[in-house]
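Shown next, in structure tokens, is the structure this report addresses.
Values quoted throughout were computed directly from the atomic coordinates according to the rules given, and no laboratory measurement underlies them. These numbers were taken from a predicted model, which means no experiment stands behind them. Positions of Cβ are generated from backbone atoms using ideal geometry, with glycine treated the same way; all protein chains shown enter the neighbour counts.
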Amino acid sequence: LAYFRFEAHDRYTESTRYEMNTLFRVFVLKELHGWDHETALVEFLECHPELREQLELDRIPNQSTLWRSWHERFTGELRETVETAARTILINAQNAGVSVPRDPKRTLPQRGNDTDESDLDGQTVLEQAEAITDHISRVVFPAFSLDRGEGCEIHENAYWDLQTYLGLRENLAANEGARSFICESTRDRTPLGHAHREHIRDLSIAEIREMYRQAVKRLLDEVAETEQFFRAGIIAIDITEADPFTGDRSGHKDEI
């Protein structure tokens, strides 16, 4: 929070008694306990003077002040950040064996301004994709290797699970995706975003191409046993002519 700029998320233009970073901490506390109303938060703060000192509260905000701060002063993005931060704290505490005020739901809110119906459709697609990728992973993952050696605490498949997770969602970078993956994954240990990037970057283009070819062959061998494989089909190929391609293009124009 020391480096976070609250100004962009503060709808109030006049000076106020309570700073945004203090209110942020207070609302994270409310979310940790899962209280629906501000009254429970006020009563809790009244009974815990040592906590008020940690939150730098010389005076407890009343219920109406808290309600206005949450609904009128905080932007929607900041409210979502409070909820995500609290859920992440609960999950990490729970994983570490620390007692928590409530069991966190290991799900993530839908992003964007779509209607409820389209959000539901999107979630349904992700649920179907999860079932498919769970089966495909058993076929594909053996073709890929990070060559990390023995005795690693995080299973190598967790990295490929994270890579698949990132690929199924739009506009999700490795760091944010790794944090979200903690909530949705059933694994006890998952890789951090920077560790994931480092391992992927260590792979050469030639290594990735070879592993990819092996994975495709394993998939083809799998579907060759089905009747549908021998029917006509349509394939969509996404062609990108942009900066991300880092190899030598000469002699590979047709491939690209």
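The shape of the stretch 1-69 can be summarised by an equivalent ellipsoid whose semi-axes, obtained from the alpha carbon gyration tensor, come to 20, 14, 12 Å from longest to shortest.
Only the Cβ atoms of Lys and Arg (+1) and of Asp and Glu (-1) were treated as charged; on that basis the dipole of the stretch 1-97 about its Cα centre amounts to roughly 120 debye. Computed over neighbours whose Cβ is under 9 Å from that of Met20, the net charge equals -2, Lys and Arg +1, Asp and Glu -1.
Sort 206-216, 133-143 for me by packing, meaning the mean count of neighbouring Cβ atoms within 10 Å per residue, highest on top. List each step's numbers first, then the result.
Numbers: 206-216: 13.0, 133-143: 14.6.
In decreasing order of mean packing, 206-216, 133-143 become 133-143, 206-216.
Remark on Asp10: its backbone amide H falls under 5 Å from none of the residues 5 or more positions apart or on other chains, H modelled at 1.01 Å from N. The stretch 154-212 and the stretch 1-25 have Cα centres separated by 34 Å.
At 0.36 nm per residue, minus the direct Cα-Cα distance, what do Asp221 and Ala8 gain on full extension? Give it in nm, one decimal, please. Write down the numbers at each step before the final one.
Numbers: separation 213, 0.36 × 213 = 76.68 nm, distance 5.35 nm.
The Asp221-Ala8 span can extend by a further 71.3 nm.
The alpha-carbon atoms of the chain define a convex hull whose volume equals 206 cubic angstrom per residue. Extension gain, Asp36 to Arg187: 0.36 nm times the residue separation minus the Cα-Cα distance gives 51.3 nm.
Extension gain for Glu19 to Ile136 (0.36 nm times residue separation, less C-alpha to C-alpha distance): 37.1 nm.
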